[in-house]
Amino acid sequence: MSRKKLIVGNWKMNGLLAQVAEVGAIDKVAAAHPGVETGLCLPATLIHPARVSARSIFIGAQDCHMADSGAHTGCLSAAMLKEAGADSCIVGHSERRTDQHESDDDVAAKALAARRNDLNIILCVGESEAQRDAGHAEAVVSDQLLASLPDGAAAQWLSVAYEPIWAIGTGRTPTMEEVTRMHRSLRDALRSRIGDEADAMRILYGGSMNGANAADLLAIADVDGGLVGGASLTAEKFAPIIQAAAASG
């Protein structure tokens, strides 16, 4: 099945109003490659100003609370993010799972909250270096996916991002064969839960994708795009990844 490539930048805790000009520059790159779906998941403070200038990319959030409102100081609900201009939301990023101790149940609840508020979802899963070295990577990540997957998951509004946690921000990447096996395993896990719908769901690679390795990674059969960190902060670094996705499509 042909799946449109999806390239998403995750700015993490980076970006002030001065960087919104980069959003416009990235938007121009995306406009030249309409065969690729491109988006940026930004700090909440930049969602509205970025939304104003974005024409060819979607603007997403990096997290949401599982409740629609309530006594949750410092948190943002999916409804708030939607109102600010977000189209999508990342849930279950490895940094949230590790630093904020989010469980699979938390992630599934956040995904449902995002869906209740008409946000598309990028659901992250991944293994630690210790889990990979122990030979458990594929089983661990597939189990994590199934435990985090919200009820009724559909390719129209949910994508999966595989993050080898030990590769994020380190410049290291698994071998092409390791990526191939993991993405195939995730597709099989999805198929066990949602049947043929799994063939339409996009699975992104989220471990230090950059302009140098994007073409090779995106050529893998079950790699349908990328969740990109540091290389998405400027149009200069992000453009080669979008271009590689367009060439691979």
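The values are calculated or read from the model by the stated rules, or taken from the named source; none is laboratory data. These numbers were taken from a predicted model, which means no experiment stands behind them. Using ideal geometry, Cβ is built from the backbone for each residue, glycine included, and neighbour counts are taken over all protein chains shown.
Details
- Options Ala25, Ala30, Ala86, Ala50; residue that is in a helix (DSSP H, G or I), without any contact (Cβ under 8 Å) to a residue 40 or more places away in the chain and either surrounded by 24 or more Cβ atoms within 10 Å (Cβ to Cβ) or of a type in the set (A, V, I, L, M) (or both): Ala50
- Remark: pairs (first residue in segment 194-214, over 18 Å from Trp157 (Cα atoms); second residue among the hydroxyl-bearing types (Ser, Thr, Tyr) and in a helix (DSSP H, G or I); Cβ separation under 9 Å; 6+ apart in sequence or on different chains) = Gly206/Ser94; Ala214/Ser248.
- Test for Gly171: is it out of contact with any Lys or Arg (no Cβ under 7 Å at 6 or more places or on another chain) and either over 25 Å from Leu40 (Cβ atoms) or touching a residue at least 12 places away in the same chain (Cβ under 8 Å) (or both): yes
- Options Gly211, Gly229, Gly225; residue that is touching a Pro at 6+ places or on another chain (Cβ under 8 Å), surrounded by 15 or more Cβ atoms within 10 Å (Cβ to Cβ) and of a type outside the set (D, E, K, R): Gly211
- Every residue from segment 126-179 that is in a helix (DSSP H, G or I) and among the hydroxyl-bearing types (Ser, Thr, Tyr): Ser142, Ser148
- In segment 67-83, of all residues being of a type outside the set (D, E, K, R) and closer than 21 Å to Asn120 by Cβ, the one that is surrounded by the fewest Cβ atoms within 10 Å (Cβ to Cβ) corresponds to Cys75.
- Picking from residues in segment 1-22 that are β-branched (Val, Ile, Thr) and part of a strand (DSSP E or B), the one that is surrounded by the fewest Cβ atoms within 10 Å (Cβ to Cβ) is Val8.
- One residue stands out among those in segment 92-125 that are touching a residue at least 60 places away in the same chain (Cβ under 8 Å) and not in a helix (DSSP H, G or I): the one that is farthest from Ala61 (Cα to Cα), which is Val125.
- Members of segment 222-246 found to be touching a helix residue (DSSP H, G or I) at 6+ places or on another chain (Cβ under 7 Å) and either of a type in the set (D, E, K, R) or closer than 22 Å to Glu177 by Cα (or both), listed by number: Asp222, Val223, Gly225, Gly226, Val228, Lys237, Ile241, Ala244, Ala245
- Residue, nearest to the chain's Cα centre (by Cα), within segment 140-187, restricted to residues that are of a type in the set (Ser, Thr, Tyr) and under 16 Å from Ala214 (Cα atoms): Tyr162
- Qualifying residue in segment 196-213 (condition: at pLDDT below 95, of a type outside the set (D, E, K, R) and part of a helix (DSSP H, G or I)): no
- For segment 109-129, a tally of residues being surrounded by fewer than 20 Cβ atoms within 10 Å (Cβ to Cβ) and either within 16 Å of the chain's Cα centre (by Cα) or not polar (S, T, N, Q) (or both) returns 6.
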